[in-house]
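Structure first, commentary second.
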Amino acid sequence: MARLCIALDLDKGQALRLADKLLGFPVILKVGPKLFLEGGRDLIENLKEKGFEVFLDMKFHDIPNTVALTVESASRMGVDYLTLHTLGGPEMLEMAVSKKGSTKLLGVTLLTSHGEEFLDFIRSEYKSLKDFVLSLAQTASRAGLDGVVCSGHEVKEIKEKTDLLTVVPGIRLRDRKDDQKRTMTPKEAVKNGADILVMGREIYLSSQPEEVVRRVLEQIEKL
Ligand code: C5P
C-alpha cells in the first residue's frame, strides 16, 4: 500500500507541534535543510522517539567521497530515507550506496518545479523531460539506489522500466499549484504507481492537518 510522507517545511517549534498532532498516524516525516539546520540530530531523534519514520531530504550533490561520508553519517543517525541528486552521476551514486547501511537512498531525478524550459537551459538533447527523468532513474537503478523522487507524470514509466521505489511530490488535493509545475492528486499518483506521496503545504497550512491526513490516507487505502 502507498505511504504518505509529510514535508515539514516549517521552523522547529511548528514542526514539533505538527508531529504531536499527527501522533499515531502511519506517516513518514520529511525534514529538509532549513529544519535540519535548526534542529539537527536532536530533532531527528525526537521525531523517531515519537514513532515516526524520518526522511532527511538534503538532496546531496558533491564529489563521490564527500557524499559517501555524509550518507554514512546520516545512516548512523538512524535516518530512514535520504535523498541525493542523480545528476551527481554513477560514481557518486555507487559510492553513496556502499555507505548507506539500512537507510533507503532516494535519487532526485528532476525537481518538480522545473518545466520543459529546463532542457533548453542545460542545452540538453533529450526530447522531453520524461525521457531525461527516465534516463536518470535508470542510472539510479543501475547504481543500486532504493528509489527515486519523481513527478506523478513519470511514475508509470519508471515502474515499467525499473524496480525502484517511487516517491512523488507535487501532490495537490484541489487546483492549487504554488510553485509546482507538474502536480497530481493522491489518487492519480497512486494509480500511476507512486509508492510514497509527499505533501507539504496542503497539510501544514491547513487549520486541521489531522483531517487532511485522515482524508488522504482513506483515499489511498481504498485503491
Ligand atoms: O508544499 P509542497 O507539497 O509543494 O511540498 C513538496 C515537498 O517536496 C517540498 O519539501 C519539496 O522540497 C519536495 N520536493 C519537490 N520536488 C522534488 C523533490 C522534493 O517538491 N523533485
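What number of residues within segment 1-26 satisfy the criterion of being among the charged types (D, E, K, R) and touching a residue at least 40 places away in the same chain (Cβ under 8 Å)? Count: 3. With respect to the conditions (1) closer than 23 Å to D80 by Cβ; (2) open to solvent by 90 Å² or more (accessible area, probe 1.4 Å); (3) in contact with a Leu (Cβ under 9 Å, 6 or more places away or on another chain), K161 lacks only one, and its number is (1). Of all residues in segment 27-53, exactly one satisfies the criterion of being touching a Gly at 6+ places or on another chain (Cβ under 9 Å) and in contact (Cβ under 8 Å) with a residue 60 or more places away in the chain, namely K30. Kindly indicate whether Q219 is open to solvent by less than 40 Å² (accessible area, probe 1.4 Å), farther than 18 Å from S128 by Cβ and modelled with pLDDT under 95. So Q219 does not fit the description; no.
Residues that are away from the ligand (no atom under 15 Å from the Cβ) and open to solvent by 10 Å² or more (accessible area, probe 1.4 Å) within segment 79-103 comprise D80, G89, P90, E91, E94, M95, V97, S98, K99, K100, G101, S102, listed in sequence order.
Report, by residue number, each residue of segment 19-42 that is of a type in the set (A, V, I, L, M, F, W, C) and within 13 Å of the ligand (Cβ to nearest atom).
Filtering segment 19-42 down to residues of a type in the set (A, V, I, L, M, F, W, C) leaves 19, 22-23, 25, 27-29, 31, 35-37.
Those that are of a type in the set (A, V, I, L, M, F, W, C) and within 13 Å of the ligand (Cβ to nearest atom): I28, L29, V31, L35, F36.
Whenever a residue of segment 60-76 is within 15 Å of T86 (Cα to Cα) and modelled with pLDDT of 95 or more, its partners that are outside any helix (DSSP H, G or I) and of a type in the set (S, T, N, Q), lying with C-beta atoms within less than 9 angstrom and at least six residues away or across chains, give the pairs F60/T83; V71/T103.
Looking only at residues in segment 136-153 that are among the small types (G, A, S) and away from the ligand (no atom under 16 Å from the Cβ), which one is nearest to M92 (Cα to Cα)?
Just the residues of segment 136-153 that are among the small types (G, A, S), to begin with: 137, 140-141, 143-144, 147, 151-152.
Imposing the further condition that a residue be away from the ligand (no atom under 16 Å from the Cβ) reduces the set to 141, 143-144.
Working: S141: 13, A143: 9, G144: 11 Å.
Filtering segment 136-153 for residues that are among the small types (G, A, S) and away from the ligand (no atom under 16 Å from the Cβ), the one nearest to M92 (Cα to Cα) comes out as A143.
The values are calculated or read from the model by the stated rules, or taken from the named source; none is laboratory data. Every value quoted in this text rests on a predicted model; they were computed, and no experiment measured them. For neighbour counting, all protein chains shown are included, and Cβ atoms are generated from backbone atoms with ideal geometry for every residue, glycine included. Surface areas here come from the heavy atoms of the whole protein model, side chains and all, with no ligands, DNA or RNA. Shrake-Rupley method; radii C 1.70, N 1.55, O 1.52, S 1.80 Å.
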